[in-house]
1. In this structure, is Ser129 over 34 Å from the mean Cα position of the chain (by Cα) and modelled with pLDDT under 90?
2. Please go through region 64-101 and give me each residue that is among the hydrophobic types (A, V, I, L, M, F, W, C) and surrounded by 10 or more Cβ atoms within 10 Å (Cβ to Cβ), ordered by number.
3. If you scan region 23-47, which residues turn out to be more than 22 Å from Leu93 (Cα to Cα) and not in a helix (DSSP H, G or I)?
4. Has region 61-83 got at least one residue that is polar (S, T, N, Q), assigned to a helix (DSSP H, G or I) and out of contact with any strand residue (DSSP E or B) (no Cβ under 7 Å at 6 or more places or on another chain)?
5. Considering every residue within region 133-151, establish whether at least one is surrounded by 10 or more Cβ atoms within 10 Å (Cβ to Cβ), of a type in the set (Val, Ile, Thr), out of contact with any Pro (no Cβ under 7 Å at 6 or more places or on another chain) and not in a helix (DSSP H, G or I).
Amino acid sequence: MTHLNDTMSTSLLTTHKKNAHLTKEERVMIATLKSQGLSNRTIGRQLGVNHQTINNELNRGTVRQLRRQKSNGKIYEYSYYIYSYEAGQATYLEHHRHSGRRRLYYSSKQFLRLADQLMLGEFDDHHYSPQAVIYKARDLMNDGTLIPKSVVTLYQWINEGVLR
């Protein structure tokens, strides 16, 4: 079966991948099109995204600008708001940096101190292996502190510099 009339809408400027984040180039296009006075719906149609995505991006990247004017020896300040694709990209990257699951070692500081002491021989003059550290920590810490179940986790933490 062939279709003569394709009903899928194609964007005029770019083909945006569905459920994907906006790219820096798309943010530049939003700034350009918005400066031309186009509506969010029109910009959304041209970029192939929902108009609410455009609205959210404009809120994310809108910055306050100050304009100073000197008149009769007095300085007057007027503020106005513009969309900056750099600010939108910076905000997106900052939010992206904080997204995702928190690492286990952020919530087990007490275990990290004990593991360092055990492996470096500061606890009882014995140098424990990472596997032995897990068993010893289970014996010593009965207060519900998060202890990793895998020795691979400890080796990863050593390689990442979390443990000394």
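1. On the way: over 34 Å from the mean Cα position of the chain (by Cα): yes; modelled with pLDDT under 90: yes.
It is true that Ser129 is over 34 Å from the mean Cα position of the chain (by Cα) and modelled with pLDDT under 90.
2. The first filter runs over region 64-101 and keeps only residues among the hydrophobic types (A, V, I, L, M, F, W, C), leaving 66, 75, 82, 87, 90, 93.
Of everything in region 64-101, those that are among the hydrophobic types (A, V, I, L, M, F, W, C) and surrounded by 10 or more Cβ atoms within 10 Å (Cβ to Cβ) turn out to be Ile82, Ala87, Ala90, Leu93.
3. Of everything in region 23-47, those that are more than 22 Å from Leu93 (Cα to Cα) and not in a helix (DSSP H, G or I) turn out to be Gln36, Gly37, Leu38, Ser39.
4. no
5. Checked region 133-151: at least one residue is surrounded by 10 or more Cβ atoms within 10 Å (Cβ to Cβ), of a type in the set (Val, Ile, Thr), out of contact with any Pro (no Cβ under 7 Å at 6 or more places or on another chain) and not in a helix (DSSP H, G or I).
The values are calculated or read from the model by the stated rules, or taken from the named source; none is laboratory data. Note that the structure is predicted; figures quoted are calculated from it, not measured. A quick note on method: Cβ atoms are made from the backbone with ideal geometry, for glycine too, and the neighbour counts reach across all protein chains shown.
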